[in-house]
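Below is one structure; the comments refer to it alone.
Quick note: the coordinates plus some simple rules give every number you see, no bench work behind them. All values reported here derive from a predicted model rather than from experimental measurement. Glycine also receives a Cβ, built like all others from the backbone with ideal geometry; neighbour counts cover every protein chain displayed.
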Amino acid sequence: MDRFPSFHEKLRHLANNLWWTWHPEVIELFRSLDPAVWRQTNHNPEAFLKALSPSDIDLRAKELDLEGRINYAVRRLDELLKNETTWGNAHAGTLLVHPVAYFSAEFGLHESLPIYSGGLGVLAGDHVKTASDLGVPLVGVGLLYAQGYFRQRLDANGWQREEYRETNMDLLPIRRATDRDGDPIVIEVPTTPRPLKAAVWKASVGRATLILLDADVPENDEEDRTLTTRLYGGDSRMRIRQELILGIGGMIALRRLGIRPGVLHLNEGHSAFAPLEWVRRLMEENGMDFEAAVRDAATHTVFTTHTPVEAGHDRFGPELLWESLGWLAVRLGLTPAQLLSLGRVNPSDEREPFTMTVLALKLSRHANGVSALHGHVSRKMWNRLWSDRREREVPIGHVTNGVHVQSWLAPTMFRLYERFIGKDWHTGLGSREAWAGLAELPDDELWEAHQLMRHRMIEFVRRRVEEQGRIRGESAKQAAAAHGLLDKQALTIGFARRFATYKRATLMFSDLEWLSGLLNDPERPVQIIMAGKAHPQDEGGKRLIQEIVEATRDKQFHGKLVFVEDYDIGVGRHLVQGVDLWLNNPLRPLEACGTSGQKVVLNGGLNCSVLDGWWAEAYDGTNGFAIGNGEVFSDVPTQSRHDFECLTDVLEREVVPLFYDRDEAGVPTRWVKRMKRGILTLAWRFSSNRMLIDYVNRAYLAAAGAVSCEIP
Ligand SMILES: *Cc1c(COP(=O)(O)O)cnc(C)c1O
């Protein structure tokens, strides 16, 4: 008997596991049923399947003869869930009984699940997907936001407006977690002035599970119900209470679900309260003393720090900390000073605020930055916590970030890899050998594929700009002018990232005359597509966006410089798949890693970047372009003048000539050679498979196997 008698039910089954988000053939099934509705529902299968009637879906599926493909997808998902011959089983067996609990304030899995803001969340999403692919036992723990992060709209003056939309939970692939009796679980964090309650939700990400906590329950009072409304919204008090739910609430939820993690991985300091709950259990339930319990919790905790920017580290005053965690201190017999000292570099400095990163460093035996350079910078930054040690002896290592290849790769490239590397090319992603077959890929074929992807991206950008014009109230005719933007053959530069000051989105605009010359060269035209959000409180960032939008309207840049609103995973995916060149010009060494450029590599785009973050260890002179040589000046204006000179230099002398140097068939062979060098030397190293394998070997196995009297 068929478990799912109708196509509609089979598709619902597929929609219920986020596994579909990295399987283009499943996405294609949904899209092909009704491309317009698929787009209108923001590529959300739950919403899509609800927008159509079950009988229409069955009829369409029959008409399109999708039966075989639907059955195949269902079988593959079922096989994945059953399969026990995984990398994880062979290499990380100790995690089977006590899995990794991966805590993160955001998870970026797909544009239709708005519980992320940017890079940190996308990294977490990629981490969980990879755990599923490799069969590494891991449970994600995060928060379910009612509104998520803001949607960006630009008004007629190019000023950013933040729009918060209520997420319809019925249209998300999540379900309430229930206890043994089938009752929905509500957890309680016993804080003051009153206990905080949260509902527990579950989502399936292939083989992995994601647990999400939601404070919007009737058991909470009105104010507390809003704690998980927005990501990174509100004041410090709201933030510390969110972090209480994430860290301590997350630990309580795991226990209620019968999950006893052997490793706590804190993705950024937001969740650093989690190991305190471990300490509490060992003291209250096992009778351990405080020092021993802290030592034990630390051996099981892995902490990844993500930024050298000071403002990126949460700091709280003593009153807020005591209000939130005083109850715990009292139960453990700690004085306020003892509690505070856990988050202070200098415990006797009463003016020093409580810093979540310091707490995380003190409560973890395995700490790392996210690139080799960032490891270095972090050791320097936190040397003061180990003042008796030399900088290189500070116990902070690094695991360079990587990206989940199948989530970011264009289907066109996927098929090329299948043909030239082998059908199972994606299972061997973590090693260099897997990619050797790429050498056989003919230049013209790769170039043709890339051109096609550029065309598709330009179509996407035109459509988005038209849509945004209409939303802003432009006439249909005005909005339709978007279809004349951009040239499908021109060298296309992409720049998409948060508008944080250190990322210097307007470095290119330092000399408008120069820029105009670059874009308006009749023989060798260049065009630029930009996107990115400024933090709601960052007026400076918003002014930069406005400056760019004004430039897009200037005659000399019009049609050649385009700003795409509302950067998210969907926009990102389109851009990284179609650009020729990805530009990255942060103030070194403030970009801890950066991952968007890694997504570009897989799709054959080239990086042009300051030697910061991942690019400092990735660039080898043949696989992309470098802006400058890593020089650091002590004052920012001098640095920016220098970097701008280097940028103009590399664009004029290397990038543009190489791109427009064509053979008789119109193929830029030297450029294509660089594309191949990029893929060959970088794709495997900066894949999340390599990243997760590093975490397993360098941290998870040691943490899981650490002596513990008993996993609490
Ligand atoms: C990949 C990604 C990021 C992170 O990219 P950076 O290079 O760190 O800026 C941010 N936002 C979105 C939507 C992404 O897809």
Compute the normalised compactness of the range 339-390: alpha-carbon radius of gyration over 2.2 N^0.38 Å, N being the residue count.
-> 1.17
Where does helix 443-471 land angle-wise versus the long Cα axis of the chain, in degrees 0 to 90, nearest 10?
-> 70 degrees
Other-chain or far-sequence residues with amide H under 5 Å of Gly630's (modelled H) | Leu611
Mind checking which of Thr21, Leu52, Thr41 is farthest towards the positive end of the range 7-82's charge dipole, using Cβ charges of +1 (Lys, Arg) and -1 (Asp, Glu) about the Cα centre?
-> Thr21
Points 7 angstrom from Cα along the Cβ direction at Phe290 and Glu467: gap in nanometres?
-> 5.5 nm
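When Rg is the radius of gyration of the Cα atoms in the range 607-712 and Rh is its Kirkwood radius, what does Rg/Rh come to?
Working: Rg = 20.5 Å, Rh = 17.1 Å.
Ratio of gyration radius to Kirkwood radius: 1.20.
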How are the Cα pair distances of the range 112-243 distributed, in percent, across 5 Å bins from 0?
-> 2, 10, 16, 20, 20, 15, 10, 5, 2, 1, 0, 0
Which residues in the range 169-187 have a backbone N closer than 20 Å to a point placed 7 Å from the Cα of Arg331 along the Cα-to-Cβ line?
-> 185-187
How big is the Rg/Rh ratio for the range 167-261, C-alpha atoms only, Rh by Kirkwood, two decimals?
-> 0.95
Equivalent ellipsoid, the range 28-161 (semi-axes from 5 times Cα gyration tensor eigenvalues, Å) = 31, 28, 10
For labels at Asp424 and Asp487 in the simple 7 Å Cα→Cβ model, what's the distance in nm?
-> 4.7 nm
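If I stretch the segment between Trp514 and Arg153 completely, what's the gain in nm (0.36 nm per residue apart, minus their alpha carbon distance), one decimal?
Working: separation 361, 0.36 × 361 = 129.96 nm, distance 2.97 nm.
The Trp514-Arg153 span can extend by a further 127.0 nm.
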By how many nm would the segment from Ile259 to Lys82 lengthen if fully extended, with 0.36 nm per residue of separation less the alpha-carbon distance?
-> 61.8 nm
For Lys10, counting only lysines whose alpha-carbon sits under 26 Å away and dropping same-chain residues fewer than eight positions off, the answer is Lys50, Lys62, Lys82, Lys129, Lys202, Lys423
Helix 67-82 axis, angle to the chain major axis (alpha carbon atoms, nearest 10°) = 40 degrees
Tell me, what is the FRET efficiency for Thr622 and Asp181 to the nearest 0.05, using R0 = 60 angstrom and their Cβ-Cβ distance as r?
-> 0.45
The whole-number value in µm²/s of the Stokes-Einstein translational diffusion coefficient for the range 311-354, with Rh from the Kirkwood sum over alpha carbon pairs at 4 °C and 1.567 mPa s, is 122 µm²/s
Along the dipole axis of the chain (charges at Cβ: +1 for Lys and Arg, -1 for Asp and Glu; origin at the Cα centre), the most positive-end residue among His127, Val141, Ile421 is Ile421
Rounded Å value of the spacing that divides the Cα centres of the range 320-391 and the range 149-223 = 29 Å
Estimated FRET transfer efficiency (Glu550, Glu162; beta-carbon r; R0 25 Å; 0.05) = 0.80
quick shape note, the range 7-82: Cα extents on principal axes in Å, largest first -> 33, 24, 17
At q = 0.18, 0.21 Å⁻¹, work out log10 I(q)/I(0) for the range 200-353 with the Debye formula, treating every Cα as an identical point scatterer and leaving solvent out; two decimals please.
-> -1.33, -1.69
Within the range 183-250, which GluC sites (Glu not before Pro) sit in a loop by DSSP and count at most 14 neighbouring Cβ atoms inside 10 Å?
-> Glu219
Please give, to one decimal in nm, the separation of the simple spin-label points placed at Arg698 and Glu188, each 7 Å out from Cα toward the Cβ.
-> 4.3 nm
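What does DSSP give for the range 79-200 in terms of the percent of beta bridges that are antiparallel, rounded to the nearest 5? Kindly include the intermediate steps, with their values, before the conclusion.
Working: 9 of 13 bridges.
Looking only at bridges with both residues in the range 79-200, the antiparallel portion is about 70 percent.
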C-alpha long axis of helix 569-578 to longest principal axis of the chain, angle in ° | 40 degrees
Could you give P(r) for the range 430-542, binned at 5 Å from zero, as whole percent values over all Cα-Cα pairs?
-> 2, 9, 13, 14, 17, 18, 13, 7, 5, 2, 1
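Restricting things to alpha carbons, find the Rg to Rh ratio for the chain using the Kirkwood radius for Rh.
Values: Rg = 25.4 Å, Rh = 26.6 Å.
Rounded to two decimals, Rg over Rh is 0.96.
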Could you work out how far the C-alpha centroid of the range 614-636 sits from that of the range 18-95, in angstrom?
-> 41 Å
Over the chain, relative contact order from alpha-carbon pairs under 8 Å, at least 6 apart, % = 13 percent
Antiparallel DSSP beta bridges within the chain, percent to nearest 5 = 30 percent
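Full extension from Arg641 to Asp349: what is 0.36 nm times the residue separation minus their Cα-Cα distance, to one decimal in nm? Each step should come with its number before you reach the end.
Numbers: separation 292, 0.36 × 292 = 105.12 nm, distance 4.00 nm.
Length gained, Arg641 through Asp349: 101.1 nm.
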In whole angstrom, the spacing between the Cα centers of the range 678-712 and the range 643-659 equals 38 Å
For the range 483-578, run through the trypsin sites (Lys or Arg not before Pro) and keep only the ones in DSSP coil with at most 16 other Cβ atoms within 10 Å of their Cβ.
-> Lys488, Lys555
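Rounding to the nearest 20 debye, state how big the charge dipole of the chain is about its Cα centre with +1 on each Lys and Arg Cβ and -1 on each Asp and Glu Cβ.
Numbers: 85 positive and 95 negative charges, 108 e Å.
Computed charge dipole of the chain: roughly 520 debye.
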